[in-house]
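Read the figures in this text as sums done on the coordinates, not as results from a lab. None of the values given here were measured: they were computed from a predicted structure. As a convention, Cβ positions derive from the backbone with ideal geometry for all residues, glycine included, and neighbour counts pool all protein chains shown.
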Amino acid sequence: MTQATIDATIARGAAQGVARRGGRGVKPKLGRDDWIMRSAMVLIAAFLVVALVLPLYTMLSKSVQDKAGEFIGLTNYAQYFGTPALFASIYNSLFVAVISTVVTISLAFFYAYALTRSCMPGRSLFRGIALIPILAPSLLPGISLVYLFGNQGMLKELLFGHSIYGPIGIVMASVFFTFPHALMILVTALSISDARLYEAATALRASRMRIFFTVTLPAAKYGLISAAFVVFTLVITDFGVPKVIGGQYDVLATDIYKQVIGQQNFEMGAVVSVVLLIPAVIAFIVDRIIQRRQVAQLSARAVPLEPKPSRRFDATMLAFCAVVGFLIVGILGVAMFASLITYWPYDLSLSFRNYRFDLMDGGGWESYWNSIEMASWAALIGTAVIFCGAYFVEKGRGFAAGRVLFQLLAILPLAVPGLVLGLAYIFFFNKPTNPFNFLYGTMAILVISTIVHFYTVSHLTAVTALKQMDPEFEAVSASLKAPFYKTFWRVTVPVCMPAILDISIYLFVNAMTTVSAVVFLYSADTTLASVAVLNMDDAGDIAPAAAMAMMIVYTSAAVRLVHALATRGLARRTQAWRRR
Amino acid sequence: MRTIRMKTAKRLAGSFLGILAATGLSVGIANADTELTVYTAFEADQLKEYQQAFNKAHPDITINWVRDSTGIVTAKLLAEKENPQADVVWGLAATSLMLLNDQGMLEPYAPKGVEKLSPKFRDSANPPSWVGQDAYAAGIAFNIYEAEAKKLPKPTSWGDLTKPVYKGSIVMPNPNSSGTGFLMVSSWLQLFGEEKGWAFMDALHENIGVYTHSGSKPAKMAGSGEFPIGFSFDYRIAAEKSKGAPLEVIFPSEGLGWELEAGALIKGTDKLEAAQTLLDWAASREANELYNQNFALVAMPGIAKPVENLPPPDKLEAMLIDNDFTWAAQNRDRILSEWQKRYGVKSEPKE
Amino acid sequence: MTMTTMNPPQTDDLSGAGYLRIENLSKMFGVFAALKSISLEIREGEFVCFLGPSGCGKTTLLRAIAGLDIQTNGSIFQAGRDISRLPPSERDFGIVFQSYALFPNLTVSKNIAYGLESRRMPRAAIAARVMELLQLVGLPDSGEKYPSQLSGGQQQRVALARALATSPGLLLLDEPLSALDARVRVHLRHEIKHLQRRLGITTIMVTHDQEEALTMADRIVVMNHGVIEQVGTATEIYRDPASAFVADFIGTMNFLPGVVTRPGRVAFGGVELDCAGGVNGFAAGTPVTIAVRPEDVSIRNIDGSKSNSFAAQILEMEFLGSFYRGTLIAAGTPADAAGETLTADFSINAVRDLGLADGMSLSIAFPPDCIRVFERQ
């Protein structure tokens, strides 16, 4: 916004300059590089318009139409808000989202505090454990909780007669799958604290508690707010958890599914989507504002804080992390165990019977291979498109308005829940008049929706990496008459390789685990493992669902491992220059 | 092997090379082999056998299944009305097919040998818009272990199940997504009349633990004892019992709701010939014998043998209510909305 | 002391004697004018420094010459060719940045060869040229190293070699020495200057460091607030600043209040000073600012009768190694009334011989040819 204002002012200033001197302004001649870069950027922007803006627009317009496609204003909305039963979903969604946020943030904060501010042993192990949930579809904790606390659950007494099917289950599963997201933000927030503040506070003889409340908490304020909004958005837009363990407790995300799938009411599905967009967009805006503030805070020159050993404190933190870590590993372990039990709870012998997916709903092993294929394409094409887009925005010359617009397009996907995106795709791509109609029902549309769904975080990763590069590389290579793509290929890509690998792994793992957008878009040829988990659970094949979820975990973990090894190998070969 | 490679090539093209390559390849595929997209609500474990048997007779036609619960397949077909993706529907509730027919989405076709099928199992129009394959009926899966542990008496009628002793012990499919769920609700309304039907469901609702998405899940949940009583359909309960679940199949005394599963051509398919071949085969004796491995009641009269853990076909047929499909299809929307309004959303979880 | 008049911007001469000619160049950033109608001519083989405080527009001017930020108005000619609208890749220059901007993942040799590869030179020719350049910048054995394995000074030499590799017509240096520590900076200053002389390449260097500009440049372009304050050799700019800004920015200068009495004469308190350099055309009675450098202030205790002299008292002496800097108060002058002091540099000998010390009174003088007169601010 500000940038746009600046550009407008620049344009006006230039116009004034011309008028004042009565001469002509200098219109720069565009070199070949400029043309290529601008065309490529326009092309990627066009991709985002077709794959994001137009579908969303179609969905918005669908929400103000009747079944016949006639414009009826806000009638659908009036009907929605006039139905108390549907209205209750909003309350339910907010309720579980708020509770989950409070629980997740509290746990994640102290976990992050232990990781960054204590000298407890095994910190890297605990960090690794905490990131496990990222590798699993959000349905997995739901399935595990059924085994733990369901009516036949191993630990159901712990719920004192309360049912796991409902808000209790939703909150527990949501905490599991949002935990690593919150943790990463909070670890970053706590890592940037300035050691000098602590030295000053200690010199003034403040107690550990007082330092915590007067120094630590205020410094981590933005991280906390940001993490809270991320968790809130994740929970309120997640569909897997309430689907598996929500029981009769309806939330907005499952409402969309029920409206569309159950009642065949696409218009009402669009209305619920728009309602679901509101909290997501608010969270998005708040997060943007906070990001900006946090950057400002970061720019101050701080001395990194080195934690000092303290026996009692370290032991307390270790105990806390051990409990949380045990719960995370436990939930994963239960799913693994469940997938190997022959017939819970009557035949506890171990077998691979539940891995015979071809006898179940969901598309069988084919789904698994489809997921691998889809995730590979998403990682490959997505990384290329997203990194190039970020490069043109960051390193292009001139064309300020275009770049601002592109930046906006690249940030927008963060505000759009996957479920809403998937529904919007149906509306947009499944029209025979649409020239892109041929994509409907193909692997390509799954790949596209996944790339768009996870565009923003990847884009920001790429931009951060590019910003760290010397801004004059492009100027130097232009002076050396080297075309930009040569420098891009020989310098930018190798230097940014760690970030590029991060993006590709992020896309791959998310493509493996995501359900929300693709659940509306898969076809007979393109069933996916994550959707198969959902469908098998729907059909009552919970153990095979757990088995497929575990296949996803194994795959994501294996790919991460390969990625870690490859990164190390690559670092040795191509990043030799990093060593002195 | 070749199909797999071709499929991969097609996907590659679709993802990467764009329109030209994709259309080029799909033309190539059409010449070698016809791929039919078949929407179905048949159970996943049935599909493989049906496909193998069909391909033995017609190896040149490849079936791409889109399988989901009845409600979802119906919704998907309606959603794609402007741009149908399916060529054939095979094994979908007749109620849903009637709905699609009202929307003008079906291409009437009389498969070879249709006259050998029971008239009850096909559309009365000529040529019929849809032709049935089998029928399945509502049933109750009763977990003997858990019932004993919880001291639950064995129910014999639908009415028994409204008793407070069963509070939180019953699981049934959500009629919005599940065909089984819908046939139950529709049968209760037909059996007891609208007013008493809803009153029955109000009382039943008090005892329901969870409404599931699919019609199979209650049988499986009852099988694992997650809930001791599951409302499901005959074949699924019998199959779970065969797998070793401690279940008893109960058919309530008032009568059973039931549904026909039928097939039809989707209007506008560009693979009409292959689609007709499939429907011809679906009406054949061979196919009906296959259906009979899972369903006690099939379209071709006189061939049905008893299914393991289910009563013989004639006995089962005697328990079915006199189902008015036309009424069910016409009132489907209204019934589902009413159901949704009454039981769809609960702000508090069940104890 | 040469007193040649400075070269004014030769906007009237368009015949193209200069290698690089800038005409009426303006650059707006929003409503902020970074460059205001700049005109300048640079001769072939010349080493020119753009000098000024930060925000004066010197870097903007350099980037406009490179085509990195194209000007809002005005034209640039290089070797007779109008390059005003061209993108950087179509201009003829080599550039070195403060940050070196060496490609971190390429070896030193690859960095230097980078521009040569784009010209489709045979591999052997490239290798020979790279070797030649490595010799030229004194790093013959560092070809296979990565930039991060070199010191800052070495990296900047590589950057220089890379910029020179393609033999560009113009070398642009954007604060090339600012990131280096003081000792290396002084050393590299000389090296760059020698290299430039040897190659005879037209060079423009942007700097905010006056010492750097004074020691390296053939001519210095002093800039402030987007305009050129003065163009001239180091001596001209130091001895004969064209404005109070230049006088203040280059070296140290005493600014004292005075009033013009008649042509060539300015009243400073009770003394009428003789200004050999004139009074800058101000009419009698005009209040002006008198500018005198501390090193030009002379002691007149021996011969108090000389003209341009007056009494002063030493407030404080500061030892600066090779000389003393004294803070003085000129009793009875307007400066004294305003509480202003003036500084004067005394040689170690003078201090010792005359026994100068805090609180001492003495007579000092401003030599007539060392006085500059500027408008009173």
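Worth a mention:
- According to the Kirkwood relation over distinct C-alpha pairs, the hydrodynamic radius of the range C:201-314 is 16.1 Å.
- Rounded to the nearest 500, the 222 nm mean residue ellipticity of chain C from helices alone is -7500 deg cm²/dmol, with -39,500 (n - 2.57) taken per DSSP H run of at least 4 residues.
- Projecting the Cα atoms of C:G278, C:A338, C:A312 onto the charge dipole of the range C:255-375, computed from C-beta unit charges around the Cα centre, puts C:G278 farthest toward the positive end.
- Rounded to two decimals, the Cα radius of gyration of the range A:405-482 over 2.2 N^0.38 Å is 1.54.
- Mean projected area (nm²) of the alpha-carbon convex hull when the range C:78-163 is viewed from all directions: 6.5 nm²
- Helix C:108-117 axis, angle to chain C major axis (alpha carbon atoms, nearest 10°): 70 degrees
- Convex hull volume of the C-alpha atoms in the range B:250-327, normalised per residue: 111 Å³.
- Of all lysines in the structure, those lying under 23 Å Cα to Cα from A:K156, and not within fewer than 8 positions of it along the same chain, are A:K243, B:K150, B:K151, B:K167, B:K217, B:K220, B:K346, B:K350.
- The share of alpha-carbon pairs in the range C:230-274 lying farther apart than 13 Å comes to 60%.
- Shape box of the range A:137-237 [Cα atoms, principal axes, largest first, Å]: 57, 28, 16
- When the convex hull of its Cα atoms is viewed from all sides, the range A:346-477 shows a mean projected area of 13.3 nm².
- Positive-end ranking of C:P168, C:H225, C:F32 along the dipole of the range C:20-246, with charges on Cβ about the Cα centre, is headed by C:P168.
- The C-alpha atoms of the range C:255-375 occupy a region whose extents along the principal axes are 42, 26, 26 Å, arranged from largest to smallest.
- Pairwise Cα inverse-distance average, inverted: Kirkwood Rh of chain A (Å): 25.9 Å
- Both radii come from the Cα set of the protein assembly as shown: Rg as radius of gyration, Rh as Kirkwood radius; their ratio Rg/Rh reads 1.12.
- Distance violations [Cα-Cα > 22 Å] among C:K110/C:K193; B:K48/B:K315; B:K76/B:K267; A:K395/A:K481; A:K67/B:K76; B:K48/B:K120: C:K110/C:K193; B:K48/B:K315; B:K48/B:K120
- Rg(Cα) / (2.2 N^0.38 Å) computed for the range A:366-429, rounded to two decimals: 1.43
- Once the Kirkwood radius over Cα pairs is known for chain B, the Stokes-Einstein relation at 4 °C and 1.567 mPa s delivers a diffusion coefficient of 61 µm²/s.
- Eligible aspartates and glutamates near C:K145 by straight Cα distance, threshold 20 Å, same-chain separation 8 or greater: A:D470, C:E117, C:E132
- Two numbers describe the Cα atoms of the range C:153-194: Rg and Dmax, which are 10.4, 30 Å.
- Relative contact order (%) - criterion: Cα under 8 Å, at least six apart; region: chain A: 21 percent
- Set against the 2.2 N^0.38 Å expectation for a compact globular protein, the range C:20-71 has a Cα radius of gyration ratio of 1.12.
- Largest GNM mean-square fluctuation across C:D92, C:D141, C:D248, computed for chain C with C-alpha springs under 10 Å, falls on C:D141.
- Binned Cα-Cα distances of the range B:87-180, short to long, each 5 Å bin given as a whole percent: 2, 10, 17, 16, 11, 9, 9, 9, 9, 6, 2, 0
- Three semi-axes of the equivalent ellipsoid, the range A:436-580, Cα gyration tensor, whole Å, largest first: 38, 20, 11
- Coarse-grained scattering of the range C:20-246 at q = 0.12 Å⁻¹, given as base-10 log I(q)/I(0) from a Debye sum over alpha-carbon atoms: -0.65
- Whether the range A:144-200 is rounded, prolate or oblate, judged on the alpha carbon gyration tensor where a/c under 1.5 counts as rounded: prolate
- Exposure proxy ranking, count of Cβ atoms within 10 Å, fewest first, for B:D324, C:D69: B:D324, C:D69
- Length-normalised contact order of chain C in % [C-alpha pairs under 8 Å, at least 6 apart]: 16 percent
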